[in-house]
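First up is the structure itself, then whatever we jot down about it.
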Amino acid sequence: MVLLIGVLVAVRTLAPDRGPMLRELVREETIRVDPRTELARGSGYAVTLGSYIENLHSLSLRQRMFNAEGFYWLEWPREVQELLEKQGITALQLVELTNQVNSSSAQIQADTPTPVARPGDRFYQLFRYSASFYIPVVDLKRSPFERLVLPILFEVVPDAFARQNKNVVLVHDGDPRSSQIGAYATINGYDIEDVRFVSSSHSYGTDWGMGQGDLDYSRLAAEVVMRSDLFSSFVTWILPLLIVMLIVLLAPSLVGELGDVRLAIPSTALLTLIFLQQSYKAELPSLSYLTFLDCLYAYSYIVSLVLFVLFLWGTNVYSEASEQERTGALRRINRMDRVFQLTACAGFVLIAIWAWLA
């Protein structure tokens, strides 16, 4: 049993890392920055962006998508307004939602046809959006107790406003009196932990064939951080596995004479475990790593297989023993059964700790 645990740990630890190969091919880069520091280092123009997420729904981890409705608003100085007029673009074309998908069904429209003049020679415009969004990064290593980050990425679009040119920088409207998320922006099975805004500089790693070099664009991400409900996840996914494994670990308590009954338990448990894991994996995307629950299932498969071999050995030992030898044979079988139970229980705890911390 200890050897099999070691094999399981070694396979996961020594699995090939394909990250370096991918990093050689992909030159796209996103670097977190402090927008006010960026502006202080050189010339540039600050565009204030605020966001209100009204609704979240239709989360699909398998497709790595979710739907959102809400508002965002921009406020900019006259210098930026003059640049917009010079470029012949509107405020709606200044910023795009870069992780939006299915653009044909998305709706993004301005609340007013033209920007509204604000005090201090500034301009303001409110926009409403309803769209599907892609989740760039999904970390499911601790699934089913996962922590999800659902982002809405706002990014400056025109090349003329890139960091190397006019350097238009998105700055979050950090008014503490403003709500950032609505009462209906909830997803069943998850609790909202935080709503945060992350500023970054985004480079695509290409000049689009224009010979102008690799440009950096200001990006502001509105991120909703959500955690799966612990009790619901435990009851739905962990409890059935524990019940099956409890039956498996109690099976050696049956007397050695009941060979046929003992042999039926691990094989039935294997089929049940396969069904449970397939139901679990049906809700997840294809992953290049094992989740926390996958590790528990893998160990449970090993335990069930070893138990079947142990029962097979015990049945043969008891059947081949003579009448005088059967008492001794039962003592040997019972001793091996107790060793198996203690080792399997300890291994389950160790695998759970290792899978959680890995």
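Brief remarks follow.
- Helix 292-320 vs. the chain, principal-axis angle (Cα, 0 to 90°, nearest 10): 10 degrees
- Remark: spin-label model distance Leu246-Val198 equals 4.0 nm, labels positioned 7 Å along the Cα→Cβ axis.
- Highest-fluctuation residue, Ala221, Ala282, Ala131 considered, GNM on the chain with Cα pairs under 10 Å: Ala282
- For the range 176-286, the solvent-accessible area of protein heavy atoms averages 53 Å² per residue (probe radius 1.4 Å; ligands and nucleic acids excluded).
- Interchain or long-range residues, amide H under 5 Å from Thr186's placed H: Leu56
- Using a probe radius of 1.4 angstrom, the carbon and sulfur fraction of the accessible surface of the chain is 57%.
- Karplus-derived 3J(HN,Hα) values for the range 152-167, using 6.51 cos²θ - 1.76 cosθ + 1.60 with θ = phi - 60°, are 10, 9, 9, 9, 5, 9, x, 4, 5, 9, 5, 4, 6, 10, 7, 6 Hz; glycine and proline are entered as x.
- The range 148-193: translational diffusion in µm²/s, Stokes-Einstein, Kirkwood Rh over Cα pairs, 37 °C, 0.692 mPa s: 233 µm²/s
- Using the Cβ-Cβ distance between Asp229 and Leu271 with R0 set to 30 Å, the FRET efficiency works out to roughly 0.55.
- Note on Ile187: accessible area is roughly 20 Å² with a 1.4 Å probe, heavy atoms of protein only.
- Multiplying the residue separation of Glu325 and Thr186 by 0.36 nm and subtracting their alpha-carbon distance yields 43.4 nm.
- In a reduced charge model with +1 at each Lys and Arg Cβ and -1 at each Asp and Glu Cβ, the chain shows a dipole moment near 820 debye about its Cα centre.
- Mean separation of Cα contacts under 8 Å, 6 or more apart, over the residue count of the chain: relative contact order %: 19 percent
- Shown in residue order for the range 202-207 are the 3J(HN,Hα) couplings computed by the Karplus curve 6.51 cos²θ - 1.76 cosθ + 1.60 at θ = phi - 60°: 10, 10, 7, x, 8, 9 Hz (x for Gly and Pro).
- Largest first and in whole Å, the equivalent-ellipsoid semi-axes of the range 297-352 read 27, 12, 4, each the square root of five times a Cα gyration tensor eigenvalue.
- Taking the chain as a Gaussian network of alpha-carbon nodes connected by springs under 10 Å, the highest mean-square fluctuation of the residues Leu61, Leu270, Leu258 belongs to Leu258.
- Global size of the range 204-349: 25.0, 92 Å for Rg and Dmax (C-alpha atoms, Rg to one decimal, Dmax whole).
- Here the calculated FRET efficiency for Leu39 and Thr236, from their Cβ-Cβ distance with R0 = 51 Å, stands at 0.60, rounded to the nearest 0.05.
- Amide H contacts under 5 Å for Phe123, placed H, 5+ residues apart: Trp76, Arg118
- Compared with the dominant Cα axis of the chain, that is its longest principal axis, helix 326-357 is turned about 10°.
- At R0 = 22 Å, FRET efficiency that the Cβ-Cβ distance of Trp356 and Arg32 yields, to 0.05: 0.20
- Under a Gaussian network description of the chain, with springs only between Cα atoms under 10 Å, the residue in Phe234, Phe154, Phe66 that fluctuates furthest is Phe234.
- Tilt relative to the chain, helix 239-250 - C-alpha long axis, 0 to 90 degrees, to 10: 20 degrees
- Extents of the range 237-287, largest first, come to 46, 18, 13 Å (Cα atoms, principal axes, whole angstrom).
- Ordering of 238-250, 109-121 by burial proxy (mean other Cβ atoms within 10 Å per residue, highest first): 238-250, 109-121
- Scattering curve values for the range 16-150, log₁₀ I(q)/I(0), Debye with Cα scatterers, q = 0.13, 0.15, 0.16, 0.22 Å⁻¹: -0.79, -0.98, -1.06, -1.35
- Per-residue ellipticity at 222 nm from helix content only, as computed over the chain with -39500 (n - 2.57) for each DSSP H run of at least four residues, stands at -12500 deg cm²/dmol.
- Shape category assigned to the chain from the gyration tensor of Cα positions, a/c cut at 1.5: prolate
The values are calculated or read from the model by the stated rules, or taken from the named source; none is laboratory data. As the structure is a prediction and not an experimental result, all values here were calculated from the model. With ideal geometry, Cβ positions are generated from the backbone for all residues, glycine too; neighbour counts draw on all protein chains shown. Accessible surface is based on the protein model in full, side chains and every heavy atom, while ligands, DNA and RNA are left aside. Shrake-Rupley method; radii C 1.70, N 1.55, O 1.52, S 1.80 Å.
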